[in-house]
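Note sheet for the following structure.
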Ligand code: HOZ
């Protein structure tokens, strides 16, 4: 496979963009080699600058549930652009999308649109602090909530991949207010809360972690967190930037039957356009400016093009409930195909899957926490990534990212993925 244009573009990009990319994971540092530059995508496929075709297993880190360039999303965007690309003033599209989000995720009684998942989590934490009058937050090691200062402490995703889970530039003052617990360790959370009575504003968690690979909550873990937060007046925030509208219409909270106080959402509510949102209980959301004292604002918030794209995407998901069964069935076929291959090759790597999210971990131990994920053979993952790429399957370029399946994979695509996995595992030995 020739990737000459990608190589040239990367060379040029490095002159003008730090590291040649606008988001670190994309630089392929964790897997080696040069990043692929893409020029177009349709349905489950993407084409790079050299014209090579790939099956996309990242789907823009989640939102392309209906595949790329979905006709209804595309049409909505074109129509909206003709109105204006930005008003910096209220529009009807914001109201209809907010109403739909509240209908699909019942714990969200009011929602504020922002421009990214990072903005959503930063704003939600500020709101929780303003609401409770407390300073500290609890986060889980290996969870990633965007690049806000408070979250770059033992952070997953690119921060961990690049070896900077605790980024320079975050002051000690900020870091000391972030308390860490291991994922799936309820006892540790109980202890932290006991040691910081009356100090903790909120606990933020990815209900299914997607930024240390796909790591599922153990039975009772999320409900245990809910109970502790309720007992201690701590605001429970589910970061559903990845899981929202993906694991179920109402996200992971619907799937696991646990209701948070606040939820953060990202890219999917803009159909892949740059959007985020935070929402939840009315009594907390009413603390947000201009009704309340907690300030947060943005010219591009509620952008008309993003709102139209998001509405076109979410209304299709809302009207096609069977889509979640289909997504799960497709993902199970892939994972079962992998399992047969592993058995055939005498390998015992670990696989985690829920709904349309999954990871193949290069370890034979269960992966339930960051510590477990870190036991993976990341060098082997790098070889596997390259082998899959050579066979036309585009994976997330790090062991510490989940994969996302779209609803538009054909039987042929599924067979290609399973075969590529077998051939890649054989090739890397
Ligand atoms: N932090 C994102 C995944 N967890 C990657 C963002 C990107 O490179 O687009």
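The values are calculated or read from the model by the stated rules, or taken from the named source; none is laboratory data. Note that the structure is a prediction, hence the values are computed from the model and not measured. Quick reminder, even Gly has a Cβ in these numbers, built from the backbone with ideal geometry, and neighbours come from all protein chains shown.
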Among the residues of the range 193-220, the number that are away from the ligand (no atom under 16 Å from the Cβ) and closer than 21 Å to residue 160 by Cβ is 3
I'm checking my understanding of the structure. Among residues of the range 24-34 that are near the ligand (Cβ under 10 Å from one of its atoms) and more than 21 Å from residue 69 (Cβ to Cβ), which one is nearest to the chain's Cα centre (by Cα)? 25
Selection count, the range 151-183, where residues are modelled with pLDDT of 90 or more and either within 16 Å of the ligand (Cβ to nearest atom) or buried (at least 22 other Cβ atoms within 10 Å of the Cβ) (or both): 3
Condition check for residue 228: outside any loop (DSSP other than H, G, I, E, B), in contact (Cβ under 8 Å) with a residue 60 or more places away in the chain and more than 25 Å from residue 158 (Cβ to Cβ): no
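Quick grid of which residues meet (1) closer than 18 Å to residue 242 by Cβ; (2) free of Cβ contacts under 8 Å to residues at least 24 places away in the same chain; (3) part of a strand (DSSP E or B):
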| site | (1), (2), (3) |
| --- | --- |
| 352 | yes, no, yes |
| 381 | no, no, no |
| 397 | yes, no, no |
| 400 | yes, no, no |
| 407 | yes, no, no |
| 412 | no, yes, no |
| 416 | no, no, no |
| 423 | no, no, no |
Taking the range 19-78 and keeping only residues that are farther than 17 Å from residue 246 by Cα, part of a loop (DSSP other than H, G, I, E, B) and in contact (Cβ under 8 Å) with a residue 60 or more places away in the chain, one is left with 23, 28, 29, 30, 31, 32, 33, 35, 36, 52
Does any residue of the range 245-253 turn out to be more than 16 Å from the ligand (Cβ to nearest atom), buried (at least 24 other Cβ atoms within 10 Å of the Cβ) and more than 19 Å from residue 402 (Cα to Cα)? no
So for the range 67-81 (the condition being more than 16 Å from the ligand (Cβ to nearest atom), more than 30 Å from residue 312 (Cα to Cα) and surrounded by 14 or more Cβ atoms within 10 Å (Cβ to Cβ)), does at least one residue qualify? no
Would you mention how many residues in the range 10-60 are closer than 15 Å to residue 398 by Cβ and touching a strand residue (DSSP E or B) at 6+ places or on another chain (Cβ under 9 Å)? 3
